[in-house]
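One structure is given below, encoded as structure tokens.
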Amino acid sequence: MEVIRGHVYRLKPTPEQDALMARTAGVTRLVYNLALEQRRTWGGRRYGGGRSRTFGAKGLSGELSELRRTFDWIGAVSQTAQNQALIDLDRAFANFFEGRAGYPKPRRKGRDDAFRQVGREIAVRRLNAKWSEVKILKIGWVRYRDTRPLRPRADGAVEIRNATIRRRAGGGWEI
């Protein structure tokens with residue numbers, strides 16, 4: 001049986017990387033809240049021509065691409081993080097309709113400062129016995145204290161399925 005482990009590490013970003021992570025979290029929060037508002041306002045309604053509209057992650061990804069082309073500051077951050085926000089909203093609605101959770105709420109600044117990247121876009125390299133670096137898309141290599149080494153597979157590679165980068169309550173970032 002395969003055991004899936006989760007580890008939390010405190011990041012040590014430079015001031016520029018800190019600003020990029022805050023911008024990515026802000027744009028991701030905006031995308032989530034816009035998609036939530038679209039579902040609230042237009043969910044179940046038809047277009048003028050009678051054609052129905054889907055508000056799932058796949059249906060909204062086309063609109064996200066158009067939004068990224070229109071606004072450069074949205075296009076400047078990782079598209080994967082924005083798509084993951086749409087997937088998170090789909091999961092929140094699925095949990096709501098199956099009775100496991102309440103209706104999805106908008107994400108708020110300062111409380112929901114987080115974004116997620118898929119594992120194929122995350123790379124890890126060890127610097128020395130105590131420090132390692134993680135490569136986050138459009139942010140670069142960010143150092144962290146390697147308090148608990150990641151377990152390699154049989155071939156020696158470390159498999160990362162996804163990584164959530166979030167702001168800590170006391171300040172700073174963790175992955």
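The values are calculated or read from the model by the stated rules, or taken from the named source; none is laboratory data. Note that the coordinates shown come from a computational prediction; the quantities given were computed from them, not determined experimentally. Here the Cβ is made from the backbone with ideal geometry for all residues, glycine too, and neighbour counts use every protein chain on show. SASA here: full protein model, heavy atoms, side chains in, ligands and nucleic acids out. Shrake-Rupley method; radii C 1.70, N 1.55, O 1.52, S 1.80 Å.
Which condition does TRP73 not pass, out of (1) modelled with pLDDT under 85; (2) under 24 Å from ARG116 (Cβ atoms), if it passes all the others?
Of everything listed in (1) modelled with pLDDT under 85; (2) under 24 Å from ARG116 (Cβ atoms), TRP73 misses just condition (1).
Run down LYS135, LYS109 and say which single residue is under 25 Å from ALA169 (Cβ atoms) and open to solvent by 60 Å² or more (accessible area, probe 1.4 Å).
LYS109
Please verify whether ASP88 is open to solvent by less than 80 Å² (accessible area, probe 1.4 Å), out of contact with any Leu (no Cβ under 6 Å at 6 or more places or on another chain), at pLDDT 90 or above and closer than 19 Å to ALA57 by Cβ, treating the condition exactly as stated.
yes
Looking only at the stretch 61-77, filter to residues that are more than 23 Å from LYS105 (Cα to Cα) and surrounded by 16 or more Cβ atoms within 10 Å (Cβ to Cβ); which one of those is nearest to the chain's Cα centre (by Cα)?
VAL77
When you check ALA123 against the structure, is it among the aliphatic types (A, V, I, L, M), within 20 Å of MET21 (Cβ to Cβ) and either open to solvent by 80 Å² or more (accessible area, probe 1.4 Å) or without any contact (Cβ under 8 Å) to a residue 40 or more places away in the chain (or both), yes or no?
In short, yes.
Would you pick out the residues in the stretch 91-104 that are open to solvent by 50 Å² or more (accessible area, probe 1.4 Å) and either in contact (Cβ under 8 Å) with a residue 40 or more places away in the chain or part of a helix (DSSP H, G or I) (or both)?
Those that are open to solvent by 50 Å² or more (accessible area, probe 1.4 Å) and either in contact (Cβ under 8 Å) with a residue 40 or more places away in the chain or part of a helix (DSSP H, G or I) (or both): ARG91, PHE96, PHE97.
Restricting attention to the stretch 15-31, which residues are crowded, with 20+ Cβ neighbours inside 10 Å and touching a helix residue (DSSP H, G or I) at 6+ places or on another chain (Cβ under 9 Å)?
THR24, ALA25, VAL27, THR28, ARG29, VAL31
Identify, from the list ARG153, ARG148, ARG125, the residue that is at pLDDT below 90, in contact with an Asp or Glu (Cβ under 7 Å, 6 or more places away or on another chain) and assigned to a loop (DSSP other than H, G, I, E, B).
Checking each option against the conditions leaves just ARG153.
Go through (1) over 24 Å from TYR32 (Cβ atoms); (2) open to solvent by 60 Å² or more (accessible area, probe 1.4 Å); (3) touching an Asp or Glu at 6+ places or on another chain (Cβ under 6 Å) one by one and return the number of the condition GLU159 breaks.
The single condition GLU159 does not satisfy is (3).
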